[in-house]
Amino acid sequence: MADDIDTPTALSPAIHDPADDARELAALYDAPEILRVVNVWDAVSAKVVSELPDARAIATAGHGIAASHGYPDGERIPLDTMLAAIGRIAAVTRLPVTADLDGGFGDAGETVRRAIGVGVCGANIEDRLRPLAESVSVMEAALRAGEREGVPFVLNARTDAMIKGGDRSREASIADAIERGRAYIAAGAQCVFVPGVLSDAETRELVAGIGERKVSVIGLPGALSAVEYERLGVARISYGPMPQNVALTALKRLGESLSGDGVIPAGTEKLNDF
């Protein structure tokens, strides 16, 4: 099994059976209702989201975890630090945990192996527009690592076709996303994450090309609503770094108010108890 990583939290990672969690998470992707995950970045944000009555799974935000440790996005945070943070998140929830593992940190199989060891049952892994054959190999390595650990690992394979396509047309980017998405599904991925602000027509094309309940999207300003994406056959909607941005915006506004003659708002809840 994967390396032990210190997770000094109220609960132990042993509360998770990654194989059972993976089966539960896969069923959530397959369900007719869109899976809504509010991305978290530390133990207390995970605790707050886990206690919401409609929460079904926990998804980590790689960008948010990196920022909370003072690192920029893009695998600049050391892998040990990232996994320790993910382990602390897994240790405070009994919900299935799917982690943002960026591009696999140079060895997707080994990274997945270690992530399973801290309680993770699924992940996003980016293709970063590597050549298709290389990208497929990265996804296959992640899935094989799950098999070796006895976990039907739930891979939400991310393609950057829509956000890193450069000057090519949207039509070319969609075609690339579909080609890559089909290849990742054929390799064993549960779903294909296509980040970007997607229109109704673009989403329809992606779902038709990759598969019903096989496309995952991000909720950004200007994007469709979760209900609209659900109607179009999308499996999952997540929010990336946006929940952390919302929280930090609230903190900034509070700081501005308290720098004047403001007071802590009435109705503020105490949510940081463990």
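Each reported figure results from applying straightforward, stated rules to the coordinates on display, with no laboratory input. None of these values were measured; they are calculated from a predicted model. So basically every Cβ, Gly included, is an ideal-geometry build from the backbone, and we count neighbours across all protein chains shown.
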Problem set entry | ³J(HN,Hα) computed for each position of the stretch 217-233 - Karplus, 6.51 cos²θ - 1.76 cosθ + 1.60, integer Hz, glycine/proline x | 10, 10, x, 10, x, x, 7, 5, 7, 4, 5, 5, 5, 4, 4, 8, x
Exercise. Dividing the Cα convex hull volume of the chain by residue count, how many Å³ per residue is that?
Worked result: 136 Å³
Exercise. So, by mean Cβ neighbours within 10 angstrom, what's the order for 247-255, 152-160 with the highest one leading?
Worked result: 152-160, 247-255
For this session: Please work out the Cα center distance from the stretch 68-95 to the stretch 196-273, rounded to the nearest Å.
Result: 20 Å
Problem set entry | Structure-based [θ]222 nm, the chain - -39500 (n - 2.57) summed over DSSP H runs of at least 4, per residue, nearest 500 | -13500 deg cm²/dmol
Seminar exercise, completed: Once Lys and Arg are counted +1 and Asp and Glu -1 for all other residues with Cβ under 12 Å from that of ARG236, the total becomes +2
Exercise. Using the per-residue mean of other Cβ atoms lying within 10 Å as a proxy for protection, in what order, highest first, do the peptides 178-190, 112-124 fall?
Worked result: 112-124, 178-190
For this session: Give the share of C-alpha pairs in each 10 angstrom bin for the stretch 119-158, from 0 to the last occupied bin, in whole percents, shortest bins first.
Result: 32, 52, 17, 0
Exercise. Given H placed on each backbone N at 1.01 Å, which residues far from LEU224 in sequence or on other chains put an amide H within less than 5 Å of it?
Worked result: LEU198
Problem set entry | Listed peptides 125-133, 258-266 by packing density, highest first (mean Cβ within 10 Å) | 125-133, 258-266
Exercise. By how many nm would the segment from LYS270 to ILE15 lengthen if fully extended, with 0.36 nm per residue of separation less the alpha-carbon distance?
Worked result: 89.3 nm
Exercise. Which value results when the Cα radius of gyration for the stretch 147-255 is divided by 2.2 N^0.38 Å?
Worked result: 1.19
